[in-house]
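Asker: First the structure, which I've put down as structure tokens, then a few questions once you've had a look.
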Amino acid sequence: MYRNNDFIYEAVSKLETLINIPIEIDSNRPNYDALLRIKNEQFIVEAKKTVRTSNQGLILSKLEEAKYNSNRPIILIAEYISKKATEELKERGINYMDTAGNAFIKCRELIIFIEGQKKAKKEKINQSRAFQEAGLKIVFQLLYKPENLQYSYRRIAEKADVSIGSVSNVMAELEDLNYLLKTGDKRVLKNKNELLERWIVDYNQVLRPRIMRKKMRFLDKDYQQQWRNINTHINDGYILWGR
């Protein structure tokens with residue numbers, strides 16, 4: 001079920017790129033925002049949209065309580081964490097990361113410290129990544145089965161056979177292009193007919209030429225005329241084809 005914490009995947013994807021270490025994330029846990037694994041260390045994720053001076057005290061108090069009540073390390077993941085809050089988190093020994101790539105993670109032999117990263121401004125480009133190869137695969141999954149909209153980025157990535165980073169980028173662009181709306185408890189596609197029409201055009205121009213294997217023709221004209229009656233079942237499965 002969708003929870004409005006897509007920034008968790010954005011932060012993880014950014015950190016993976018910076019440290020070149022795979023990070024596993026499981027957001028399908030009812031008792032936690034997510035579980036995170038880096039190398040052999042597993043963390044309980046506390047997800048907060050932003051940590052600013054106005055809410056810093058309350059969030060730090062909740063993190064201390066979670067840290068006290070858990071036998072596993074806690075990590076705060078946020079879209080934005082103020083400079084003052086990061087200093088306080090480090091002093092208290094609380095792990096954190098944000099979507100810009102800043103991170104403080106210290107657990108036994110695992111130590112990661114990155115600061116000074118700025119969130120890149122979105123560049124306006126003529127051809128959106130949402131309508132390039134990976135994006136077209138993702139959009140297909142969203143149009144084909146609307147329930148896929150509520151899945152985690154990881155599950156959408158698995159269904160579309162693309163990276164989590166691609167899902168994060170494409171979902172953000174769909175939102176910017178007014179095709180996607182995120183509410184507190186779900187995602188909703190907007191302007192679906194327009195999105196479908198654009199997908200059809202770009203699928204034929206971009207994706208279809210890359211997935212087509214080859215064109216073939218019948219050598220026997222009798223077979224060509226009786227093509228509907230040809231047995232397409234084979235020992236290991238069946239053949240799908242048409243004209």
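Read-outs: derived from the displayed coordinates by stated rules, not from any lab. Fair warning: this is a prediction, and the values are worked out from it, not measured in the lab. As a convention, Cβ positions derive from the backbone with ideal geometry for all residues, glycine included, and neighbour counts pool all protein chains shown.
Asker: Once you have the Cα-Cα distance between M216 and E147, take 0.36 nm times their residue separation minus that, and quote the gain in nm to one decimal.
Answerer: This chain segment gains 21.1 nm when fully extended.
Asker: Follow-up question, since we're still on this one. How large is the Kirkwood hydrodynamic radius of region 168-230, counting all unique pairs of alpha carbons, in Å?
Answerer: In region 168-230 this quantity evaluates to 15.4 Å.
Asker: May I ask you to derive the FRET efficiency for E64 and K90 from their Cβ-Cβ distance with R0 = 22 Å, giving the value to the nearest 0.05?
Answerer: Once the sixth-power term is evaluated, E becomes 0.95.
Asker: Further, regarding this structure: Using a Gaussian network model of the chain with C-alpha springs under 10 Å, which one of L36, L174, L219 is most mobile by mean-square fluctuation?
Answerer: Highest fluctuation of the listed residues: L219.
Asker: Mind telling me which of Q225, Q117, Q132 comes out most flexible in a GNM of the chain, alpha-carbon contacts under 10 Å?
Answerer: Taking springs between Cα atoms under 10 Å, the residue moving most is Q225.
Asker: Using helices alone, I'd like the mean residue ellipticity at 222 nm for the chain: each DSSP H run of four-plus residues gives -39500 (n - 2.57), total over residue count, nearest 500.
Answerer: One gets -11000 deg cm²/dmol as the mean residue ellipticity at 222 nm.
Asker: How tilted is helix 133-144 with respect to the longest principal axis of the chain? Cα atoms for both, answer in degrees (0 to 90, nearest 10).
Answerer: The helix 133-144 is inclined about 80 degrees to the chain.
Asker: Oh, and also: Suppose each label sits 7 Å from its Cα in the direction of the beta carbon; what would the F140-N20 distance come out to in nanometres?
Answerer: Each label point lies 7 Å from its Cα, and together they span 3.3 nm.
Asker: Where the only charges are on Cβ atoms (+1 Lys, Arg; -1 Asp, Glu), what is the dipole of region 166-210 about its Cα centre, to the nearest 20 debye?
Answerer: With only Lys, Arg, Asp and Glu charged at Cβ, the dipole is about 180 debye.
Asker: Please list 102-114, 156-168, 86-98 highest first by mean number of surrounding beta-carbon atoms within 10 Å per residue. Before the final figure, lay out each step's value.
Answerer: On the way: 102-114: 15.6, 156-168: 19.7, 86-98: 18.1.
Packing order, densest peptide first, comes out as 156-168, 86-98, 102-114.
Asker: From Cα coordinates alone, what are the radius of gyration and Dmax values for the chain in angstrom?
Answerer: Cα-based Rg and Dmax for the chain come out at 23.0, 81 Å.
Asker: Which listed residue (I38, L189, L58) has the Cα farthest towards the positive end of the charge dipole for the chain, taking +1 on Lys and Arg C-beta and -1 on Asp and Glu C-beta about the Cα centre?
Answerer: The Cα lying farthest towards the positive end belongs to L189.
Asker: Same structure again: Once the Cα gyration tensor of region 7-114 is diagonalised, what are the square roots of 5 times its eigenvalues, in whole Å and ordered largest first, as equivalent ellipsoid semi-axes?
Answerer: 19, 16, 14
Asker: Follow-up question, since we're still on this one. Pick from N191, N229, N69: which is most flexible by mean-square fluctuation in a GNM of the chain where alpha carbon atoms under 10 Å apart are linked?
Answerer: Checking each option, the largest mean-square fluctuation is seen for N229.
Asker: Equivalent ellipsoid semi-axes for region 78-187, as square roots of 5 times the alpha carbon gyration tensor eigenvalues: give them largest first, rounded to whole Å.
Answerer: Equivalent ellipsoid of region 78-187: 32, 16, 14 Å, largest first.
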